[in-house]
1. Among the residues in segment 319-334, are any touching a residue at least 12 places away in the same chain (Cβ under 8 Å), farther than 30 Å from HIS119 by Cα and within 22 Å of the chain's Cα centre (by Cα)?
2. Residues to consider are VAL294, VAL307; find the one that is surrounded by 24 or more Cβ atoms within 10 Å (Cβ to Cβ) and under 18 Å from ARG37 (Cα atoms).
3. Can you confirm whether segment 269-291 contains a residue that is touching a residue at least 12 places away in the same chain (Cβ under 8 Å), buried (at least 23 other Cβ atoms within 10 Å of the Cβ) and in a strand (DSSP E or B)?
4. Look at GLY238 and say whether it is at pLDDT 70 or above, in the same structural domain as LYS85 (by TED's automatic domain parsing) and either within 30 Å of ALA280 (Cβ to Cβ) or under 23 Å from the mean Cα position of the chain (by Cα) (or both).
5. For segment 76-109, name all the residues that are in contact with a helix residue (DSSP H, G or I) (Cβ under 6 Å, 6 or more places away or on another chain) and free of Cβ contacts under 8 Å to residues at least 40 places away in the same chain.
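The values are calculated or read from the model by the stated rules, or taken from the named source; none is laboratory data. Please read these numbers as outputs of a predicted model, since none were measured by experiment. No Cβ is skipped: glycine too gets one built from the backbone with ideal geometry, and neighbour counts run over all protein chains shown.
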Amino acid sequence: MKISIPGLPSAPYLPSTVGSVEQAVDKVAQLLHLNARPLVLTGAGISVDSGIKSYRGKDGTYLNRGYRPIYYHEYVDPSSTGEQKRRRYWARSFLGYPPLRIAQPNATHTSIAALQRAHAVHGLITQNVDRLHHAAWGGVPPNSVELHGSLSEVVCVARGPGKPHQDSEWWKAKRSETFGEMDRYTTAHIENDGPGCGFVSARDALQDELAALNPDWVKWAERLVNEPSLSLRRNPDGDVQLEGVDYGTFQYPSCPSCGGVLKPNVVFFGENVRQSVRSAAERRVHEADALLVVGSTLATHSAYRLVRDVVEAGKPVILLNQGPTRADSIVTERIGFDCAQVMGQVAKNVLNL
Ligand SMILES: [Zn+2]
């Protein structure tokens, strides 16, 4: 299963099945109350309130017209063309990552974390790569899967000529010159079922490396953090669009373990979701007795098929998303209200606050 540039089918869309926030809260609270192991699946829509741009607006159309993310095969291309693509990617990511890194969880993240703590939500699958669920929980949320990986990790995706030795300095880095303490982003164990040597590091540590290799670019990165009004287009994958800039001089490190190619631990377009991640997500779906989708158009097949599996198993599903979703035609409940408003109130009701 490869991630392709997502498109939403043209119709039919399900109009919101409730007419008020109160009804929405009742429906969601009931789903969580009546089922012992509800699973929550979240998407880009829930991080918009944290300042992370969504790919799509309320009507389901792309917000950044003309945005074309890099494809996996372009990124790992060993030729000089691939080299240029990687320089361009890391230059833009170098600038785009710091604002994303300092984003804070919002009411939707904290409500889901509170519901998990109260065992009203059993499992969590997120398509988001911002790790804001981790920040809200204060660690790795229980029974959670990052379906499309995380921007806060870097993995080796193509073995180099060296004998892998797992550079201990990278592993042990607990502080980043750029960000300070790195404990918010605990580097998780990654099952090495990919083409690389198995090296994994915190993205924060790579930011330090990139800053050291490209001192001229550091000023740009600082401006992006300090001047939020700077009119640059940002995308939810930590990419920043700059016009008229020469990316060809940007330096990036090779894998410190084997000399291979490092890549953020996020699923690129055209890339397969790793088998270990797919299996973990399927396990969560199998365990669940109900599903609540929050803030996702379900445009990517990897997320849509999980919803379809729950529907086909005859388990109840509620979509909480302001705009249309790809699963509208296969479910019977779509709540077209603001996620943070509904989830905040649901948490209060369920937890009797
Ligand atoms: Zn490597």
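1. Keep residues of segment 319-334 that are touching a residue at least 12 places away in the same chain (Cβ under 8 Å), which gives 319-334.
From the residues that got through so far, the ones that are farther than 30 Å from HIS119 by Cα too are 329.
Applying the additional criterion that residues be within 22 Å of the chain's Cα centre (by Cα) yields none.
Taking every residue of segment 319-334 in turn, none turns out to be touching a residue at least 12 places away in the same chain (Cβ under 8 Å), farther than 30 Å from HIS119 by Cα and within 22 Å of the chain's Cα centre (by Cα).
2. VAL294
3. yes
4. Details: at pLDDT 70 or above: no; in the same structural domain as LYS85 (by TED's automatic domain parsing): yes; either within 30 Å of ALA280 (Cβ to Cβ) or under 23 Å from the mean Cα position of the chain (by Cα) (or both): yes.
So GLY238 does not fit the description; no.
5. LYS85, the sole residue that qualifies.
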